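The values are calculated or read from the model by the stated rules, or taken from the named source; none is laboratory data. Treat the numbers as computed from the prediction; the structure is a model and nothing was measured. Backbone-built Cβ (ideal geometry, glycine too); neighbour counts: all protein chains shown.
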């Protein structure tokens, strides 16, 4: 593998790359001052009796950057519009480790053209660009696998939408005709996308400060992430060439998710995510936050009376689909460990009702076969995984982080799998802390507390008159 890694970087440095990955990175907007002016002002403020004038510049490179005083450059933010990046290179790349960013990504739930009109030439160009050393027959094998996933999606999406309409009517009796018309296709796509490999392209707005960009660029652990962060840095250098010194460091790391050793074991289909409660702080310091300090503005990490909640918390180990891992990453106050593929596949309720277990096993087996041969780079294997592939990782968070995370998780506007993850966690907290524990208040959506939906026009249509906590968290299908 080390030899292959060296060869890979050699290929990427030469002109042997046959295709170009159609990733575009555009600096959309940034702080409206020069980055060295903002850093100089911050640094001078620390050493003067009065505020300095903006524009009085120091030697930022020597005085602050080289000495590691990087809070001074964190006042400067950049927002990039990124298009053409693989979904997997967001989940296992841009969003994987660092919490120091803000991101809004094209939804695999709401954007139908992502899967209904696939551009296989574009996807294969992406693969050729980063892995030009593919051997004879491998591209065709990969393409056949990609087509199988998209064919499964397209062959079943209509039936899934029809079933979603029926299930909405059953589970959500007060859903309006408009809600049904809008959300049945979205829910169907959300669940049927489990067959889609995460090499499919997406787009996002990505905001990051200078220090975080320099660190992400230096630590990029896959050829794709090196390329993407390189495009970001190219945009910054084009606008401010004088700060190029911030981006001269590259750590030649290669990393990919760990895998179980039993690649050729029969695929196991899972119908629910899994959570194991490893640790829970139970003491008198917990302060249940009042609803008004969480909505519409979340003040949990900004109020003195909530500070003890930032010291005590929870540790878990979860198993969920790659699709839901992407959702889980939206909560950046939660710490996560390295993910590992389990070899299992998550089948949502609609696909189960459509009898697609064997189709899921067949697709997952094809991916495991590609991975198990050991001939493809692991960085490529990672983003060939289907959305439904299950990963396992550890999580930890303070009670304030948990409150923020769970505020939306048990709302029925949350996707089915992530709802069930929280439902299972709530049950374990109840068993550990007791049925009368105040901690259970963190697992109550606003509608349970006051009978009013805070989602506005996105009201799910469930009967809010039935607000018994014992029955408020059923096994949803949609």
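Tabulated values for the structure
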| item | result |
| --- | --- |
| Filter pass, residue 458 being under 25 Å from the mean Cα position of the chain (by Cα) and closer than 22 Å to residue 325 by Cβ | no |
| Which numbered condition residue 113 fails, given (1) in contact (Cβ under 8 Å) with a residue 12 or more places away in the chain; (2) under 23 Å from the mean Cα position of the chain (by Cα); (3) farther than 25 Å from residue 378 by Cβ | (1) |
| Test set (1) touching a helix residue (DSSP H, G or I) at 6+ places or on another chain (Cβ under 7 Å); (2) part of a helix (DSSP H, G or I); (3) at pLDDT below 95 - residue 175 fails condition number | (2) |
| Test: residue in segment 285-301 that is crowded, with 19+ Cβ neighbours inside 10 Å, within 25 Å of the chain's Cα centre (by Cα) and assigned to a helix (DSSP H, G or I) | no |
| Count - residues of segment 451-468 that are surrounded by 13 or more Cβ atoms within 10 Å (Cβ to Cβ) and assigned to a helix (DSSP H, G or I) | 1 |
| Single match in 216, 225 (criterion: buried (at least 19 other Cβ atoms within 10 Å of the Cβ), farther than 26 Å from residue 150 by Cβ and under 17 Å from the mean Cα position of the chain (by Cα)) | 216 |
| Residue check, residue 316 in a loop (DSSP other than H, G, I, E, B), in contact with a strand residue (DSSP E or B) (Cβ under 8 Å, 6 or more places away or on another chain) and surrounded by 15 or more Cβ atoms within 10 Å (Cβ to Cβ) | no |
| One residue from 234, 148 being assigned to a helix (DSSP H, G or I), surrounded by fewer than 17 Cβ atoms within 10 Å (Cβ to Cβ) and at pLDDT 95 or above | 234 |
| Segment 343-356, residues that are more than 19 Å from residue 150 (Cβ to Cβ) and touching a residue at least 60 places away in the same chain (Cβ under 8 Å) | 343, 344, 349, 352, 353 |
| Hits in segment 23-57 - residues which are assigned to a strand (DSSP E or B) and either farther than 16 Å from residue 75 by Cα or touching a helix residue (DSSP H, G or I) at 6+ places or on another chain (Cβ under 6 Å) (or both) | 24, 25, 26, 27, 28 |
| Lone qualifier among 142, 123, 127, 82 - being in a strand (DSSP E or B) and either within 26 Å of residue 185 (Cβ to Cβ) or at pLDDT 95 or above (or both) | 82 |
